[in-house]
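The next block holds one structure in the form of structure tokens; read it before the comments.
The values are calculated or read from the model by the stated rules, or taken from the named source; none is laboratory data. Worth saying up front: this structure is predicted, and the values here are computed from it rather than measured. Note that we place each Cβ from the backbone using ideal geometry, even for glycine, and neighbour counts take in every protein chain shown. Side chains included, ligands, DNA and RNA excluded: accessible areas come from the protein's heavy atoms. Shrake-Rupley method; radii C 1.70, N 1.55, O 1.52, S 1.80 Å.
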Amino acid sequence: NTFSDKKFINGSWMDIFQSFVLPRVEGHIKTQCQVEAIDYQGDAIDVKCKGELFKVDKVILTTPVPLLKEIDFSPPLPARKQETINQVEYWDGFKAFFTFKEKFYPSFVDYTIRPETDGQVSLYDAAWGQNSPQNILGIFSVGRPARDYGNLSAPDFKESILQEFDTIFEGAASRNYKRHLVQHWAQEPFAKGAYVSDYTPPRVVAQLGTTVEDKIYFAGDAYTDGSDWGNVHNAIGSAEQCVNQLIETI
């Protein structure tokens, strides 16, 4: 219970976005418009959505890596970029929140995964530091453990995870269980996973973020300079880096 963390109180990153970013761009956002193709052969770039065509000077792609494979690029992306997209390990992701009658767990627990390159599992007090009377234990997993959790049926997952918690907390989970909810990111059509594996070589991550012909730019937690990746703060840093690169070409 000595875990130190700076966190939002009764809020989230979404509140930051809605308060400081959205007001300036809301009128320019087009939703329900899945991009199918990007043609960057000419001076202008054609971005094709279902039923609509947009002509633009530059494109910034912030899509998760797996979804890059679903966009038809003309001409095709450079061979090295395609090879990196196809070979990079994109971790599966799984989250669940369990509400209990009593609190019997510390603020943070890490599982030991072998080999460690297979992924991660962490338990955390999701109500820690919040103005909440509820006892909520979160489980966050990526990689192989996330895939294993996600492959279980709903009843099997509940039974399996409570047994897992009972082993750690001496049966307290089953005695105090009230309800739970889950999210399996691999099943989300516009995510298809969590993020690039922590064990990816930095040069590979840097290659993911390289600009194509000063026309197509990439921003997001997977498209950094390779010094770090994953997590919201890296997505923000990547966006700033991307926009600065774009401005230099105008």
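Details
- Members of the stretch 224-242 that are open to solvent by less than 30 Å² (accessible area, probe 1.4 Å), part of a loop (DSSP other than H, G, I, E, B) and either out of contact with any helix residue (DSSP H, G or I) (no Cβ under 8 Å at 6 or more places or on another chain) or in contact (Cβ under 8 Å) with a residue 40 or more places away in the chain (or both): GLY230
- Enumeration of residues in the stretch 37-50 that are assigned to a strand (DSSP E or B) and not hydrophobic (A, V, I, L, M, F, W, C): ASP39, ASP46, LYS48
- For ILE247: the one exception among (1) modelled with pLDDT of 95 or more; (2) open to solvent by 60 Å² or more (accessible area, probe 1.4 Å); (3) under 30 Å from LYS58 (Cα atoms); (4) more than 23 Å from the chain's Cα centre (by Cα): (1)
- Top-ranked residue in the stretch 160-178 [being under 12 Å from TYR105 (Cα atoms) and not aliphatic (A, V, I, L, M); ranked as surrounded by the fewest Cβ atoms within 10 Å (Cβ to Cβ)]: GLU170
- Residues that are exposed (fewer than 15 other Cβ atoms within 10 Å of the Cβ), under 23 Å from VAL243 (Cα atoms) and of a type in the set (S, T, N, Q) within the stretch 75-96 comprise just one, GLN82.
- Considering residues of the stretch 198-220 that are open to solvent by less than 60 Å² (accessible area, probe 1.4 Å) and touching a Ser or Thr at 6+ places or on another chain (Cβ under 7 Å) only, the residue nearest to GLN245 (Cα to Cα): TYR217
- In the stretch 11-36, of all residues being outside any helix (DSSP H, G or I) and among the aliphatic types (A, V, I, L, M), the one that is nearest to LEU68 (Cα to Cα) corresponds to VAL35.
- Which listed residue is in a strand (DSSP E or B), open to solvent by 60 Å² or more (accessible area, probe 1.4 Å) and either more than 23 Å from TRP185 (Cβ to Cβ) or touching a residue at least 12 places away in the same chain (Cβ under 8 Å) (or both), from LEU137, LEU53, LEU123: LEU53
- Only a single criterion out of (1) open to solvent by 20 Å² or more (accessible area, probe 1.4 Å); (2) assigned to a helix (DSSP H, G or I) is not satisfied by PHE157, namely (1).
- Just one of the numbered conditions (1) closer than 22 Å to SER197 by Cα; (2) assigned to a strand (DSSP E or B) is not true of LYS178: (1).
- Every residue from the stretch 200-223 that is over 28 Å from SER74 (Cβ atoms) and assigned to a helix (DSSP H, G or I): PRO202
- Scanning the stretch 27-50 for residues that are out of contact with any strand residue (DSSP E or B) (no Cβ under 8 Å at 6 or more places or on another chain), of a type in the set (D, E, K, R) and either open to solvent by less than 40 Å² (accessible area, probe 1.4 Å) or at pLDDT 95 or above (or both) yields a total of 0.
- On inspection, LYS103 does not qualify as of a type in the set (Lys, Arg), closer than 30 Å to ASP166 by Cα, in contact (Cβ under 8 Å) with a residue 60 or more places away in the chain and surrounded by 11 or more Cβ atoms within 10 Å (Cβ to Cβ).
- Flag if ASP166 is at pLDDT below 95 and of a type in the set (D, E, K, R): no
- The listed residue being under 21 Å from the mean Cα position of the chain (by Cα) and on the phi < 0 side of the Ramachandran plot, out of GLN34, GLN41: GLN34
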